[in-house]
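Take a look at the structure below.
The values are calculated or read from the model by the stated rules, or taken from the named source; none is laboratory data. What you see is a predicted model, and the numbers here were worked out from it, not measured in a lab. Using ideal geometry, Cβ is built from the backbone for each residue, glycine included, and neighbour counts are taken over all protein chains shown.
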Amino acid sequence: MSAYSPHQDSATSIAENGSDYGSDVDDTTAYELLSQAESQPLRHVVLESIEEPLSEDDSTRQHPNSGVSHMQQSLDGVRQSSFKTRSHLDAREFREASIEVEYDEGNRVTFSPSRAPNEPQASRATSVEFDKNDTRSLLERFRTRPKKALSVTDLVSPAWCEQQYEYSLTKYGRVRRTPAMKQGSSVHKELEEQVRGVEVVIETVSKEDRFGLQIWNAIEGLRILRETGLTRELQVWGVVEGEVVIGIVDEISTSCPDENMEAAILEDLRNPKSGSQRKNRKSDQLPSDQRTLTNFLTSSQNGSVLENNPAFLGTLQQDKPSSYYVKDIKTRQSRTLPGPGSPSRPTHMQLMLYHRLLSSLAANEVPAEKIFERYSLDQNAHFSDKFIAEIGNLNIGAYAPSADQDGGVPLEMIQRQDPLTELLQHNTLALLWNLLMTEFARTLPTQGVNGPPISPLLTAEFRTASAKSRRGDDVIEEAGTLIGQRSFPFEAAVIDGYIRDEMAWWKGERETKGVEVEEAYKCRMCEFAEGCVWRKTKVEEGLRKSKLRSESRRKSEV
DNA sequence: ATTGCTGAACGG
């Protein structure tokens, strides 16, 4: 059964801690854990500081009609004497809009006649009561227009505990950010700026402008990937079982995190019969990332596709297929790695889902109209002059002939078009989407390259969340220090099955499942533990079982 | 969108 591991998880760790909580906890211990959760349910939850005001972002909020971009001054001045600009949309407005809607629903719930609608406490309590009687699916209640679209997080978080995610949604309409999450975000932001540069504000007029900026940022992300072999925080869109799903891929790079494991995986894909092959794979259902060695040098019509593709260069130098590697960076409070089994399931699913979404974008299989429709966008509306001009201005330094004496245009920019011209040529969402598709095809060609464009070797990288200790004035450990990493293979059957199962839950086709007894440790830090219906039934079940066991033990002793 | 989540010190 072991769902997702034909190969063992490979772990490289500085502070290895391999204990797998998913395996060796017996029922009695699990029962004790569940009971503990009862007596100290909130021990690891800082309730007060978790709650953030609705207008949390007010202080930093941009003008409503603006987005944020990134801009970077080149530091190694040899061939980059002019500067490089990068843009990146901050989707804050979209997010805020949808959060407001969610809270609106919280209020709408208060139309129950017995209660004053504008009393926050009462409204919260009753909204939970009311939710119990709401028979609509979670999808309808929380992820249907005009609320935000389904996200990778939405599909993956239930792998930790569906019941917890459901409580979060029905109580707050979202998951509340903890201090640990904020630390994580700042580590991520720093990593992103290493690649994209600092944020720059872009003015937008229409919602099409704002979505266009997101697409533009994704295009930039792909170009950065081709030029530098590394990109971070790449936005992806997809449609899963008819639902629009969006996500942000932490990191894609050209450096292979584990050559041996990759070789083993590729060998498995090429030769399913041999070695540690998994069950359930039918030969007519090979994953889309399988590639043969044929047509390697012959199939591409477009020379620049290959020239621009580091994967191509890689194959010239080495005898192994070269790919892009998807990675997710997780910051942690402790210096230990999570166990390789059940504790890693959410991360596995997250990375495999990114792999799926990236592959279908690379194959131009994503129906853009569905996405524009989901956000009520007019795919043929022209971007505003303001927006087009802003993008043109933003990047001007990178493309105009440099004023520096030794300068000229940076080498890596030569292949780039002037962004103003480019945006003018792709001045609607439909056209800009086409450009995005071209960039995907260029970066991750599905034909003509030796090996899968996106490696089936997926990796989670763990880093510390904060500066830990000091000795005197010496900082011993900085925030973001590497703890270790774990790699594992993409498995189509596993992620497909998982997606089907979670979508059934979102659609209300099956009941919510909480954690198994073996995973009762999760309850210890869950803010909903105290009132959790699932946990209650599990405690009873555990109690019943341990009674049964001690009875039969007594019998056998006699 | 994402962000994070599995005490530590102890005794044997």
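A few points about this structure:
- Residue within region A:469-492 that is surrounded by fewer than 23 Cβ atoms within 10 Å (Cβ to Cβ), at pLDDT 95 or above and in a helix (DSSP H, G or I) present: yes
- Any hit, region A:134-146, residues being surrounded by fewer than 15 Cβ atoms within 10 Å (Cβ to Cβ), at pLDDT 95 or above and either within 11 Å of DNA strand B (Cβ to nearest atom) or in a helix (DSSP H, G or I) (or both): yes
- Residue A:408 vs. criteria outside any helix (DSSP H, G or I) and modelled with pLDDT under 95: yes
- Of all the criteria given as (1) surrounded by fewer than 21 Cβ atoms within 10 Å (Cβ to Cβ); (2) of a type outside the set (Asp, Glu); (3) in contact (Cβ under 8 Å) with a residue 40 or more places away in the chain, the one not satisfied by residue A:189 is (3).
- You will find that of A:262, A:251, A:241, the residue that is under 18 Å from residue A:352 (Cα atoms), within 15 Å of the chain's Cα centre (by Cα) and acidic (Asp, Glu) is A:251 and no other.
- Of the candidates A:516, A:511, the single residue that is free of Cβ contacts under 8 Å to residues at least 24 places away in the same chain, surrounded by fewer than 18 Cβ atoms within 10 Å (Cβ to Cβ) and within 16 Å of DNA strand B (Cβ to nearest atom) is A:516.
- Members of region A:520-540 found to be crowded, with 20+ Cβ neighbours inside 10 Å, part of a helix (DSSP H, G or I) and within 16 Å of DNA strand B (Cβ to nearest atom), listed by number: A:520, A:522, A:523, A:529, A:534, A:535
- Scan of region A:341-358 for residues that are part of a loop (DSSP other than H, G, I, E, B) and more than 9 Å from DNA strand B (Cβ to nearest atom), ordered by number: none
- In region A:313-336, of all residues being hydrophobic (A, V, I, L, M, F, W, C) and at pLDDT 85 or above, the one that is nearest to DNA strand B (Cβ to nearest atom) corresponds to A:329.
- Cβ-Cβ under 8 Å pairs, at least 6 apart or on other chains, region A:161-175 side free of Cβ contacts under 8 Å to residues at least 40 places away in the same chain and under 20 Å from residue A:146 (Cα atoms), far side outside any helix (DSSP H, G or I) and of a type in the set (S, T, N, Q): A:175/A:157
- Residue A:249 passes every criterion in (1) within 20 Å of residue A:362 (Cα to Cα); (2) modelled with pLDDT under 95; (3) in contact with a helix residue (DSSP H, G or I) (Cβ under 6 Å, 6 or more places away or on another chain) apart from (2).
- Evaluation of residue A:398 against (1) touching a helix residue (DSSP H, G or I) at 6+ places or on another chain (Cβ under 8 Å); (2) surrounded by fewer than 21 Cβ atoms within 10 Å (Cβ to Cβ); (3) modelled with pLDDT under 90 (one fails), failing number: (2)
- Residues that are under 13 Å from residue A:388 (Cβ atoms), charged (D, E, K, R) and surrounded by fewer than 21 Cβ atoms within 10 Å (Cβ to Cβ) within region A:197-234 comprise just one, A:203.
- The number of residues in region A:189-246 being within 20 Å of residue A:376 (Cα to Cα) and of a type outside the set (Gly, Ala, Ser) comes to 21.
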